[in-house]
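Novice: Sharing a structure with you now.
The values are calculated or read from the model by the stated rules, or taken from the named source; none is laboratory data. Model, not experiment: these values are computed from the prediction. Here the Cβ positions follow ideal geometry from the backbone for every residue, glycine too, while neighbour counts run over all protein chains shown.
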Amino acid sequence: MQRTTIETSGAPAPIGPYSQAVKCGDMLFISGQIALDPSTGLLLTSDTVTETHRVMQNLQAVLHEAGMDFRNVVKTTIFLSDMSLFGEVNAVYASYLSGDFPARETVAVSGLPKGANVEISMVACA
């Protein structure tokens with residue numbers, strides 16, 4: 001099975017030893033995205049809604065680079081700095097998806113990279 005690294009300037013560059021995404025056969029594994037603005041490198045944490053939109057836009061850019069979109073997503077994991085953010089994050093997340101929603105889990109964690117409040121990873125299938 002062919003393995004391809006996916007990179008796009010439409011999403012922030014990795015901040016560690018990992019790829020934005022890896023495509024293996026028909027499957028795409030997208031690393032967790034936080035609300036880093038790819039053009040400035042700044043973390044957008046002014047409010048949960050803005051932060052979540054940036055995360056989803058970063059994920060969308062990676063999907064697009066791989067020739068996919070949110071309809072191809074089969075699994076997501078959402079990491080939150082506090083479960084009290086769930087309602088706002090869930091509403092923004094849902095606005096990017098339609099119809100057959102992917103499988104998902106949402107967990108609260110003690111910390112996220114760079115002090116982010118939201119991180120989302122995805123698995124997609126062509």
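Novice: For region 17-58, which positions are touching a residue at least 12 places away in the same chain (Cβ under 8 Å) and of a type in the set (Gly, Ala, Ser)?
Specialist: SER19, ALA21, GLY25, SER31, GLY32, ALA35, GLY41
Novice: At pLDDT below 95, more than 13 Å from the chain's Cα centre (by Cα) and more than 21 Å from VAL109 (Cβ to Cβ): which single residue out of GLY16, GLY67, GLY41 fits that description?
Specialist: On the way: GLY16 fails: more than 21 Å from VAL109 (Cβ to Cβ); GLY67 fails: at pLDDT below 95.
Sole residue among the options that is at pLDDT below 95, more than 13 Å from the chain's Cα centre (by Cα) and more than 21 Å from VAL109 (Cβ to Cβ): GLY41.
Novice: Would you please name the residue that is surrounded by the most Cβ atoms within 10 Å (Cβ to Cβ), looking only at residues in region 92-126 that are among the charged types (D, E, K, R) and farther than 24 Å from GLY25 by Cα?
Specialist: GLU119
Novice: Using beta carbons and a limit of 9 Å, which pairs, at least six apart or on different chains, have the first residue in region 2-16 and among the acidic types (Asp, Glu) and the second one exposed (fewer than 14 other Cβ atoms within 10 Å of the Cβ) and assigned to a loop (DSSP other than H, G, I, E, B)?
Specialist: The qualifying pairs are GLU7/ALA13; GLU7/PRO14.
Novice: Follow-up. So which residues in region 64-90 are touching a residue at least 40 places away in the same chain (Cβ under 8 Å) and in contact with a strand residue (DSSP E or B) (Cβ under 6 Å, 6 or more places away or on another chain)?
Specialist: Within region 64-90, GLU65, ALA66, MET68, ASN72, VAL73, VAL74, LYS75, THR76, THR77, ILE78, PHE79, VAL89 qualify.
Novice: Then there is this: Can you give me the ranges of the strands (runs of 3 or more DSSP E) entirely in region 1-97 with at least 2 residues that are over 18 Å from LEU112 (Cβ atoms), touching a Ser or Thr at 6+ places or on another chain (Cβ under 6 Å) and not hydrophobic (A, V, I, L, M, F, W, C)?
Specialist: In region 1-97, there are no strands (runs of 3 or more DSSP E) which contain 2 or more residues that are over 18 Å from LEU112 (Cβ atoms), touching a Ser or Thr at 6+ places or on another chain (Cβ under 6 Å) and not hydrophobic (A, V, I, L, M, F, W, C).
Novice: Report, by residue number, each residue of region 98-126 that is touching a residue at least 60 places away in the same chain (Cβ under 8 Å) and in a strand (DSSP E or B).
Specialist: First, the residues of region 98-126 that are touching a residue at least 60 places away in the same chain (Cβ under 8 Å): 112-126.
Those that are touching a residue at least 60 places away in the same chain (Cβ under 8 Å) and in a strand (DSSP E or B): VAL118, GLU119, ILE120, SER121, MET122, VAL123, ALA124, CYS125.
Novice: Any residue at all in region 54-67 that is in contact with a Leu (Cβ under 6 Å, 6 or more places away or on another chain), surrounded by 12 or more Cβ atoms within 10 Å (Cβ to Cβ) and within 22 Å of SER19 (Cα to Cα)? Explain how you work it out, then say what you get.
Specialist: Within region 54-67, the first condition is being in contact with a Leu (Cβ under 6 Å, 6 or more places away or on another chain), and the residues that meet it are 54, 66.
With surrounded by 12 or more Cβ atoms within 10 Å (Cβ to Cβ) added as a condition, the list becomes 54, 66.
Applying the additional criterion that residues be within 22 Å of SER19 (Cα to Cα) yields 54, 66.
Yes, that holds for at least one residue.
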